[in-house]
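The structure under discussion appears below in the form of C-alpha cells.
Rule-based calculations on the coordinates, nothing more; no lab input. Values in this document were obtained by computation on a predicted structure and should not be read as measured data. Quick reminder, even Gly has a Cβ in these numbers, built from the backbone with ideal geometry, and neighbours come from all protein chains shown.
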Amino acid sequence: MNQPLILKNEPLPPPSVRPQLTLPLPGLSSELLEQKRIPRSERVFVSRNLKLGEIEWVGFDMDYTLAIYDQAAMDALSVNLTVQKLIERGYPASLADSSYDTRFAIRGLVVDKQRGHVLKMDRYKDIQKGYHGLTRLSRAELQSLYHDQRIQPHTKRYHWIDTLFALSEVTAYSAIVAQLESAGETPDFDRLFSDVRSSIDAAHADGSVYRAVTSNLPQFVKRDPALARTLHKLRSSGKRLFLLTNSPPQYTEQMMTYLLGDALAEYPSWHQYFDVGICSAKKPSWFQEGSAFMEASPKGSRPINEGPFEKGKLYEGGNLKEFERLTKVVGSSVLYVGDHIYGDILRSKKESSWRTAMIIQELDAEISAHETCSLDRDRQRQIEESHDLLEDELRYYQRHVKDTSRQLEASTRNPVLADELVRLKRALERVRAELKKLDHEHNVLEDRIDQRFHPYWGSLLKEGNEMSVFGLQVETYADIYMRRVSCLHAYSPQQFFRSPHDLMPHEV
C-alpha cells in the first residue's frame, strides 16, 4: 500500500547546495548548444507572453518596419531640406554652411521649447541628461531647473521625439540654437522649433523627401534579403498578411516594389505577399475614428462599402472597426508590427486587443554596446554591493560616535571614552573616504558605458540603472520587439514567446 506523501515545513538549503533543476539535453554539449542558439542580435525579445500559433493575421507598417532606412543618410537629407526651407523663411543663409552631427539625436528625447533645451528622462520622468544647443548641461543645472517638476512630454511647452523621422528636427534645432547664440543672437526658442518642424513638414508636403528617396532608393533604404522569405514562411503557415502604412499610394508602390518586387519567383508582385494593402491610413487616428476605405487607383478613388477586400488592390484611409468588420477578424488574433510607439504600438494597444511587435532598428547597436561593456557593468555591480556594505558600516560608526559622545558628556573626564571617540571618528572618516572613492569610480564607469552606447545620450532603452522613458514605453506597449522583421524567420510560426520572470526588488 502506498504511503501518503508528507510535506515537511523545513527551510530550503542555501542556493549553493540546492540541486540543479536544469536538465542537460541528451547528445548536446554546452558548447554545441551555444552554437545552435540564435545570435542575440537576431532574436525576438519578449515583454508579454505571445503564442504565435494563435495569430491569424499579421499586419505591417512600411516605413522603418518593412523598409529599413539608412538613418544617417535620411537625417542628412532631412536636415538639408529643413535648412533650405528655413532660409526661404528669412533665416541667415549661413545656416547652409553649418555642420550638423546626424548622430546627435535619439528617440525618447524631449524638447523644452521655452528654454531651448533637449532632455532625456528615466522611467519616472526625472531629467537625467540634457543639452542646450550642443553644450551639455551639468547635473547641477538640471537639478536647479527640473528637480521640482514632472515633465509632461505632450504639453504645449514640451515636444516628445518618438519617431526616427523626427530625429532630424532635433539635430537641426540644437545646431541652429548653438550657431545663432554664437553669433550673439538670442533666439525665440519656441518659435525656432516651430519653424524647424514646419520646414520639414513642408519638405514632405511638397514631395521633396519622397522624390529624393525614390530617385536613389539604394542610398536611403537597406534592402533585407531575408524579408521575402520571412513573409513567405508566415503565409505558408496559413497566416494572412496585411500592409497598413501612412505613406501615399505612389510612394508605397515604389517602395514595396523595390523591397519585394523581384525577391522570390513565386511572387510576381509585392501585392501577392499581402491579402490587404492599405496606404494613407492617417495613423494614429486610424485606430480610433478614421474614415471610410477608398480603393486607390489611377482612375481615382472610390469608396468600398460591403467588401470584401480584393487581393492585389491598394486601399486608402479606413479605420480599425471597419477593417475588422470587412475581414471578420477577431482583435486578439491580429499581430501588428510597427516602429512608432505612439502611432503604431501605443494606439493599437489602447484602442484594440491587437497584439503588438515593435521594430527597433537601433537594437543591433544597443546589444553590441551592452556586450562590449560587460566587464564595466560587472565592476559597477561590485561597487554597488560594496557601497551597501560600507553604508551599513557608516551607520554603525555614526550611531556609536553619537552614543560615545553622549556618555563622555555625562561623565567626568574619562580618557578611555575619549580615546574610543577618537578611534570611532577616524573609522568614520575612513568609511566616508572609501564611499567617496567608490562614487567617483562608479561615475567614471557610468560615463564610459554611456559613451559605448551613444556619444551624447548613452543607451536608448536605459538611463543608469533604470529604463529610459522610451524603454518603459517599449516594455509597456510592445508584446515583442526585434531589430527587423526578418528576425521572425528564425522562429516557428507556432512559436510560444515567453517573457522573462518579472522580479520585484525583494525577490532579487
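A few points about this structure:
- Using a cutoff of 8 angstrom between alpha carbon atoms and counting only pairs six or more residues apart, the relative contact order for the stretch 367-459 works out to 41 percent.
- Those lysines that a straight Cα-Cα span of less than 16 Å connects to K156, excepting residues fewer than 8 apart in one chain: K113
- On Cα atoms only, tilt of 167-182 relative to the major axis of the chain in degrees: 60
- Helix 189-205 vs. the chain, principal-axis angle (Cα, 0 to 90°, nearest 10): 30
- Placing +1 on the Cβ of every Lys and Arg and -1 on the Cβ of every Asp and Glu, with no other charges, gives the chain a dipole of roughly 800 debye about its Cα centre.
- Working note: 222 nm ellipticity from helices only, DSSP H runs with n ≥ 4, each -39,500 (n - 2.57), summed and divided by the residues of the chain, gives -13000 deg cm²/dmol to the nearest 500.
- Computed with the Debye formula from one identical point scatterer per Cα of the stretch 367-459, without solvent, the log10 of I(q)/I(0) at q = 0.16 Å⁻¹ comes to -0.72.
- Taken about its Cα centre, the stretch 367-459 carries a charge dipole of about 500 debye when Lys and Arg each add +1 at the Cβ and Asp and Glu each add -1 at the Cβ.
- Label selected from (1) 1.04; (2) 0.99; (3) 1.22, the criterion being Cα Rg over 2.2 N^0.38 Å as computed here: (3)
- Sorting 496-507, 388-399, 329-340 by their mean Cβ neighbour count within 10 Å, with the most densely packed peptide first, gives 329-340, 388-399, 496-507.
- Net lengthening on full extension, R139/M504 (0.36 nm per residue, minus Cα-Cα): 128.5 nm
- Rounded to the nearest 20 debye, the dipole size of the stretch 423-508 about its Cα centre is 500 debye, using +1 on the Cβ of Lys and Arg and -1 on the Cβ of Asp and Glu.
- With Cα atoms, 0 to 90° folded angle of helix 415-453 axis to the chain main axis: 20
- Spread of Cα-to-Cα distances over 10 Å intervals beginning at zero, given as percent, for the stretch 388-508: 10, 21, 21, 17, 13, 10, 5, 2, 0
- In percent, rounded to a whole number, the relative contact order of the chain is 23, using alpha-carbon pairs under 8 Å and six or more apart.
- 11 Å beta-carbon shell around D162, net charge (K/R +1, D/E -1): -1
- Ordering of 363-374, 477-488, 348-359 by packing [mean C-beta count within 10 Å, highest first]: 477-488, 348-359, 363-374
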